[in-house]
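The values are calculated or read from the model by the stated rules, or taken from the named source; none is laboratory data. Being a predicted model, the structure only gives us computed values, none of them experimental. Here the Cβ positions follow ideal geometry from the backbone for every residue, glycine too, while neighbour counts run over all protein chains shown.
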Amino acid sequence: MRKMVMVVLALLLFAANGYAQSAKVVIATGGIGGVYYYYGTQIAEIFSKNNVAATTAIQTAASVDNMLLLRDKSDPAKSSFFIGTVLPDTAYFTVTGKHEKFAEKPAKANILWMMYPNYLHVVTTEATGIKTLADLDGKRVSTGAPGSGTEFTALNLLQAAKIDPNKFRKWEKLGAKESDEALANGTLDAYVWSGGLPTGSIIELANTLRRKGTNLFLVPLPDSDPGVAAFKQEFAGLADSQTIPKTVYSTQADTPTLAFWNMFVGPASLPEDLAYNMAKAVFENLETLHTSVKAARDTTAENSGRFVGKTAIPFHPGAVKYFTEKGFVK
């Protein structure tokens, strides 16, 4: 009997390892310089080292792009799955079909875990004189890379603030690194970025600006701002009022802003055991992730568990199984 049990266990282990080897996972991240990219590459390394699946991470334009890949490129028949990072407002609009690119074919996605709060940065310099959201009107502004979650959030915020980007003196659509360079070179007055704290490229930008004789300035987004108030009403439950401490980027004062909990998502077609193994690998190797990506300090099983059953997009059953086993979901 004991010999039979050992044989069964061996076969199960072989099957699990065989599945891990046959499954192919691509992690869609974001632009180089943003937290998504570094976060995603670390997750890929954790998956590979823990034999979850053959995994690679790719650079993308971030949230909207990632949801398109998840929807259109995942192929369960070939055990090939695209998973990745996404902002909550983008995820909500793509799953419900409210986003124009998903109107006829909404994404079918589940949350694997909650990552960390993303803070909205409206970045400029003290030299531009931009002090409020309304001051962006008529300036040279970048709203983020096309197809990114940053762009989606930026355009919705501008609409709420009744600012028409078509009337900007110059309307750019740049990623984080390109926006930093343009602002430092004086060809851009401000840009919008949604990322974790700290975003490394903005720290570098602050240092560059000081060498050039000016200082980084983050435009405050308080609840009292009409545009911010209208945005929060439109996206109730998806955005929280938070503060970027002045110590993060060595600014003159703390900056009120909006924060969104990033989600790590996968297609609903992701097998339950694979989703379970993904969650298990990540949350049992958090030290590696936390050491490599500062913003990831908020990636914990406890933080994810408290969101289960409270989000507009459901958690994947495999991930819920893991959080339940660990006692974070009752």
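Structure notes:
- Conditions (1) closer than 20 Å to Asp89 by Cα; (2) buried (at least 23 other Cβ atoms within 10 Å of the Cβ); (3) modelled with pLDDT of 95 or more; (4) not aliphatic (A, V, I, L, M): number failed by Gly196: (3)
- Search result, residues across region 159-185 that are under 17 Å from Ile130 (Cα atoms), touching a residue at least 60 places away in the same chain (Cβ under 8 Å) and in a helix (DSSP H, G or I): Asp180, Leu183
- Within the option set Val265, Val320, Val293, being of a type in the set (A, V, I, L, M), without any contact (Cβ under 8 Å) to a residue 60 or more places away in the chain and crowded, with 22+ Cβ neighbours inside 10 Å holds for one residue only, Val320.
Quick grid of which residues meet (1) buried (at least 19 other Cβ atoms within 10 Å of the Cβ); (2) modelled with pLDDT of 95 or more; (3) of a type in the set (Asp, Glu):
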| residue | (1), (2), (3) |
| --- | --- |
| Ser269 | no, yes, no |
| Asn277 | yes, yes, no |
| Asp298 | no, no, yes |
| Ala301 | yes, yes, no |
| Lys310 | no, no, no |
| His316 | yes, yes, no |
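- Selection from region 204-223 of residues that are within 19 Å of Pro245 (Cα to Cα) and surrounded by fewer than 16 Cβ atoms within 10 Å (Cβ to Cβ): Glu204, Asn207, Arg210, Asn215, Pro222, Asp223
- Any hit, region 89-108, residues being of a type in the set (A, V, I, L, M, F, W, C), over 26 Å from Ala281 (Cβ atoms) and assigned to a helix (DSSP H, G or I): yes
- Among residues of region 271-282 that are among the hydroxyl-bearing types (Ser, Thr, Tyr), those with a Cβ under 7 angstrom from a residue that is surrounded by fewer than 20 Cβ atoms within 10 Å (Cβ to Cβ), sequence gap 6+ or separate chain, pair up as Tyr276/Lys321.
- Of all the listed residues (Leu188, Leu218), the sole one being without any contact (Cβ under 8 Å) to a residue 60 or more places away in the chain, more than 26 Å from Phe93 (Cα to Cα) and touching a Ser or Thr at 6+ places or on another chain (Cβ under 7 Å) is Leu188.
- Residues within region 102-155 that are in contact with a helix residue (DSSP H, G or I) (Cβ under 8 Å, 6 or more places away or on another chain), under 24 Å from Lys246 (Cβ atoms) and aromatic (Phe, Trp, Tyr), tallied: 1
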